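Data first, discussion second: the structure below is written as structure tokens.
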Amino acid sequence: MGKVMLGPGQGTYDRLVERLNRSPQGAPPSERLFQILRLLVSEEEAGLLAQVPIRPFTARRAAAVWGLPEARARQVLDALADRAMLLDYADGDETRYVLPPPMAGFFEFSMMRVRGDADQQALAELYYDYINVEEDFCRELFTTGQTQLGRVFVDETALPARDALVVLDYERASEVVRSAKAIGISTCYCRHKMARKDRACDAPKDICMTFGSCADSLTRHQVARRVDAPECLDLLAQARERGLVQFGENVREQVSFICNCCGCCCEALIAARRFAFMKPVHTTNYLPEVDSDRCNGCGKCLDACPVEALGLVSAHDPQRRVARTAQLNEDRCLGCGVCVRVCAKEAIRLKPRPSRVLTPVNTVHRTVVMALERGKLAELLVDGQSTHGHRAAAAILGAVLKLPPLKQVLASEQLKSRYLDRLLAGH
């Protein structure tokens, strides 16, 4: 993309964009992005946010960075957290703050409730154009690196009744719900945005799920409503009945969100169709298998599949020359199991993928791997610090990032190894 022309005050917002792009999940500069940021934060707030660390920080730390009294810094931070531009959470006796990425983050948070402090119609128009029309952001978010933001959860009701498959707890959305310390339910950003464009489907909107410290912050600031596990499990069941796909954070532990996605509005599933060969969404560990003897070629599975991974081909039956059967394109398939549910002939069942999909342990693990793959690990480690130790580590990482691509991939694989799992388990 060519150089973006700076408008009044845009130099400040330009610095905020630079700060966003120090993180593994950035936001390519665009006039529409600057318009979005102007709607969400004032020029003064943009200047302050441009200076905050990548990792969680305290009001004391922000005050030192900003050169403000701590009481004033806390006032600014709390105002931004109240608008969900920052997430806040308790860490012992202190409150820590973190600037979430644009997505999954403050883009969604700005439209997950109907609110009066930001123009929802203008935001919907800008988000649609920035993400769905320009595509630079969508490509950056979903097609850079091997490790992506989100993964698909298998429809548990589509699993075989017998223990024919080994399904781990982290692969079950229901287990995420049951183990969460806090649960929040909000308006679906994707369908809300598309409704403002008069393009939304009729799938439920109040069904976006957040968990843990993210849910705690959003419910405290009334971006989400707090619910208990039974109500959230009921919403999961409703989503499955409507053929929605559970798409959540690509981690095994302490999942922060699960969206219930339709193929027409959800940006992750749209990206999965557009950029299927680049694997923009991590799949489940399962694939549907079609029994051609049972399949009658009705096509219901084709309509249900959100990523167009199924097609109809000739059944090659000499007695029924016009007969058709469903055929799977494994390279496009998410393994969600939505097709299994709609097959009245029980002609589709799930089977294990040939090799298991690697899922990062937690958010820290995922963030580090994403940073390495995107050439931003030095930024993540230094994170605005100036000590000799940080500078030395940054120099080492800078050398790693200059290695040939193949060696960088090998380093990435090491970060995903069981050895790192053991290290993380010990901390």
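No value in this document is a laboratory result; all are computed from the given coordinates. The shown structure was predicted, so the numbers you read here are calculated from the model rather than taken from an experiment. For neighbour counting, all protein chains shown are included, and Cβ atoms are generated from backbone atoms with ideal geometry for every residue, glycine included.
Using only the alpha-carbon atoms, how far is helix 31-40 inclined from the longest principal axis of the chain? Give it as 0 to 90 degrees, nearest 10.
The angle comes out at about 70 degrees.
If the cut-off is a Cα-Cα distance under 16 Å, which aspartates and glutamates reach residue 351, setting aside same-chain residues fewer than 8 apart in sequence?
Here the aspartates and glutamates satisfying the reach criterion relative to residue 351 are 155, 156, 163, 171, 289, 291, 330, 331.
Looking only at 134, 18, 373, which one moves most when the chain is put into a Gaussian network model with springs between Cα atoms under 10 Å?
Highest fluctuation of the listed residues: 134.
Rank 335, 92, 184 by mean-square fluctuation in a GNM of the chain with C-alpha springs under 10 angstrom and give only the top-ranked residue.
Taking springs between Cα atoms under 10 Å, the residue moving most is 92.
Tally the DSSP beta bridges in the chain and give the antiparallel ones as a percent, rounded to 5.
95 percent
Note the angle between two axes, namely the Cα long axis of helix 70-82 and the longest principal axis of the Cα atoms of the chain, as a number of degrees from 0 to 90, rounded to the nearest 10.
Its long axis makes an angle of about 20 degrees.
When the Kirkwood hydrodynamic radius is evaluated over all pairs of different C-alpha atoms of the chain, what value in angstrom, to one decimal, is obtained?
22.9 Å
Under the rule of at least 5 residues apart or a separate chain, name every residue whose amide H is placed under 5 Å from the amide H of residue 246.
Here 153, 261 satisfy the definition.
Where is the GNM fluctuation largest for the chain (alpha-carbon springs, 10 angstrom cutoff): 365, 316, 221?
Greatest mean-square fluctuation among the candidates belongs to 316.
Considering amide H positions built from the backbone, and no H for Pro or chain starts, which residues 5 or more places from residue 150, or on another chain, come under 5 Å of its amide H?
250, 282
Counting other C-beta atoms within 10 Å, which of 198, 234, 206 has the fewest, and how do the rest follow?
Placing the least packed residue first, the sequence is 198, 234, 206.
Can you give the angle from 0 to 90° between the axis of helix 405-415 and the longest principal axis of the chain, with both taken from C-alpha atoms, to the nearest 10?
90 degrees
By count of other Cβ within 10 Å, fewest leading, how are 275, 109 ordered?
Final ranking by Cβ density, sparse to dense: 275, 109.
Counting other beta carbons within 10 Å of each Cβ, put 57, 247 in order, fewest first.
57, 247
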